[in-house]
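S.K.: Handing you this structure, nothing more for now.
The values are calculated or read from the model by the stated rules, or taken from the named source; none is laboratory data. Remember, it's a predicted structure, so these values are computed and weren't measured experimentally. Note that we place each Cβ from the backbone using ideal geometry, even for glycine, and neighbour counts take in every protein chain shown. Note: accessible area is taken over every heavy atom of the protein model, side chains too, but ligands, DNA and RNA are not part of it. Shrake-Rupley method; radii C 1.70, N 1.55, O 1.52, S 1.80 Å.
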Amino acid sequence: DSDSDKTILTFYINKGDLLDVTIPAGSYTMRYASGETWYGGVYLFGPETNYHRADEVFEFSTDNGWTVELIDQVDGNLETEEIDASEF
């Protein structure tokens, strides 16, 4: 939740897979972790985990939805920044 910084939802998705999920109405900041080898919910991708936060706040209502692709794209429109594990 972008106002309270409370975690609302957490997902794990394999590279190349799609995830379709219903998000409660609200304003959200998206953070994500990535890496090569998944070690589980506690260790994520181990010491090589990369942490990011989207610069944009996502506004969800009953009238809209979002498609997010977490791959580098030419002319992509999602700006992200690397963050420290403590900010994740």
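S.K.: Mean-square fluctuation check for the chain, GNM, Cα pairs under 10 Å: which of 51, 12, 39 is largest?
M.R.: Judging by the Gaussian network model, the answer is 39.
S.K.: Sticking with this one: Label-point separation (nm) for residue 21 and residue 39, each offset 7 Å from Cα along Cα-to-Cβ?
M.R.: A separation of 2.2 nm, rounded to one decimal place.
S.K.: Quick check for you: with a 1.4 Å probe and neighbouring chains kept, what is the accessible area per residue of the chain, in Å²?
M.R.: Heavy-atom accessible area per residue stands at 82 Å².
S.K.: Order 7, 49 by their accessible area, 1.4 angstrom probe, all chains in place, largest first.
M.R.: From most exposed to least exposed: 7, 49.
S.K.: Please report, as a whole percent, how much of the solvent-accessible surface of the range 2-47 comes from carbon and sulfur atoms (probe radius 1.4 Å).
M.R.: For the range 2-47, the apolar C and S fraction of the accessible surface comes to 51 percent.
S.K.: To continue, here is another question. Want the number for residue 29 to residue 75: 0.36 nm per residue separation, take away the alpha-carbon distance, what's left?
M.R.: Residue separation times 0.36 nm, minus the Cα-Cα distance, leaves 14.4 nm.
S.K.: Among 60, 11, 45, whose mean-square fluctuation peaks in a Gaussian network model of the chain (Cα, cutoff 10 Å)?
M.R.: Residue with maximal mean-square fluctuation among 60, 11, 45: 11.
S.K.: Figure the gain on full extension for residue 82 and residue 60 (residue separation times 0.36 nm, minus the Cα-Cα span) and round it to one decimal in nm.
M.R.: The span from residue 82 to residue 60 would gain 5.5 nm if fully extended.
S.K.: Could I ask something else about it? Solvent-accessible area of residue 78, probe 1.4 Å, all protein chains present, reported in Å² to the nearest ten, please.
M.R.: 50
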